[in-house]
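Inspection log for the structure reproduced underneath, given as structure tokens.
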Amino acid sequence: MSRVAYVNGRYLPHGRARVHIDDRAHNFADGVYEVILAVDGRMVDEEGHMVRLARSLRELDMPAPMSDRALRHIMHQTIARNRVKDGMVYLQVNRGTAPRNHVYDDGLTPTVVCTARSVALPRDADAAPGVKVVTRPDNRWERVDIKTVSLLPNALAKTAAAREGAYEAWLVDDGGFVTECSSSNAWIVDRDGRVVTRPLGVDILPGVTRDRVIALARKNGIAVVERPFSVGEALNAREAFLTSTTSFVKPVTQIDDTTIGNGHPGATTRALLSAYLDFTRRASVADAA
Ligand code: PDD
């Protein structure tokens, strides 16, 4: 079946879907986006993603392109028209199209693009392999809490990581503390078995998966501490992992040249992945009811 993309009011064959060369996202990365997990054709944590999208728009002085309900309808339609059961839906909102000028006019018509694709979900938390990550300096701008399409440092860092055979780049601030990863949030399990991740602020993206995993951890009696952790602490941690919509809860078993723990995915990470996978299945059933 051929893929279909939504662009500004029309559902088009993916290969013919286009935005204008004067779109401000093309010239200035002037756009925001969301990537949402679909399970059994339904979006997981839809509410959290919509709240974050609204916040990104607000922070960048962009008007909402249409009602929340209309945006959700487009995403549901894009999932259905692509016959996606388990997969991802991608929504991008750009400020609009205008002759290239740094100064933007109010009242531009926003560009809205939506695509969806199938992705196999992990079925068995205990079978999830561990991955290697490498550390890189965090050289992004100072508002990475806003989910903009301005992702060049992220793309460069993740490509450098891939060229070193790593799954992700863990980004490190000037003080030697891990901020997050190029496209996911970073976590460790400390010597006391507590799960540690950097607190929300302008220096990390407020991951929807991060929020969900914190809630699931607490529900399962696992202590969570939101505080910065250094690369040194991560190298000596019991376990490490990362989270995102597309990576779920991913065990990290090597950071640069150092093996983490015993080199195998740890029990806490596996428990959190298992709880997260259960949640995604329940969420899709609950939505259907
Ligand atoms: N990335 N940090 C960064 C820099 C990210 O780009 C992402 C998501 C996350 C995790 O957020 P969430 O749990 O809401 O997916 C953290 C998406 C998946 C992407 O750009 O493809």
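Values in this text are rule-based calculations from the coordinates and carry no lab data. As the structure is a computational prediction, the values presented were derived from the model and not from experiment. Quick reminder, even Gly has a Cβ in these numbers, built from the backbone with ideal geometry, and neighbours come from all protein chains shown.
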GNM on the chain, C-alpha springs below 10 Å: top fluctuator among D22, D145, D192?
D192
The range 162-210: GluC sites (Glu not before Pro) falling in loop per DSSP and having at most 16 other Cβ within 10 Å:
E164
Taking a ≥ b ≥ c as the square roots of the Cα gyration tensor eigenvalues, with a/c under 1.5 meaning rounded and otherwise prolate when a/b beats b/c, else oblate, which class fits the range 4-118?
oblate
Per the 1/(1 + (r/R0)^6) rule, R0 = 30 Å and r from the Cβ atoms of R16 and H102, FRET efficiency to 0.05 is 0.45
R0 = 35 Å: FRET efficiency of D124 with N236, Cβ-based, nearest 0.05?
0.75
Those residues of the range 11-49 whose amide nitrogen sits under 20 Å from the label point placed on H73, 7 Å along Cα→Cβ:
11-12, 42-43, 46-47
Please report, in debye to the nearest 20, how large the charge dipole of the chain is about its Cα centre when each Lys and Arg carries +1 at its beta carbon and each Asp and Glu carries -1 there.
1020
From Cα pairs below 8 angstrom and at least 6 apart in sequence, can you work out the relative contact order of the chain, rounded to a whole percent?
18
When the helices in the chain are scored as -39500 (n - 2.57) per DSSP H run of 4 or longer and the sum is shared across all residues, what 222 nm value do you end up with, to the nearest 500 deg cm²/dmol?
-9000 deg cm²/dmol
Kirkwood hydrodynamic radius of the chain from all distinct Cα pairs, in Å?
19.8
Any chance you could run the full-extension gain for R191 through E164? It's 0.36 nm times the residue separation minus the Cα-Cα distance, nm to one decimal.
6.9 nm
Using a Cα-Cα cut-off of under 21 Å, which lysines could be cross-linked to K132, ignoring same-chain neighbours fewer than 8 residues away?
K158, K250
Kirkwood Rh in Å, taken over the range 136-196 so that all alpha-carbon pairs contribute:
12.5
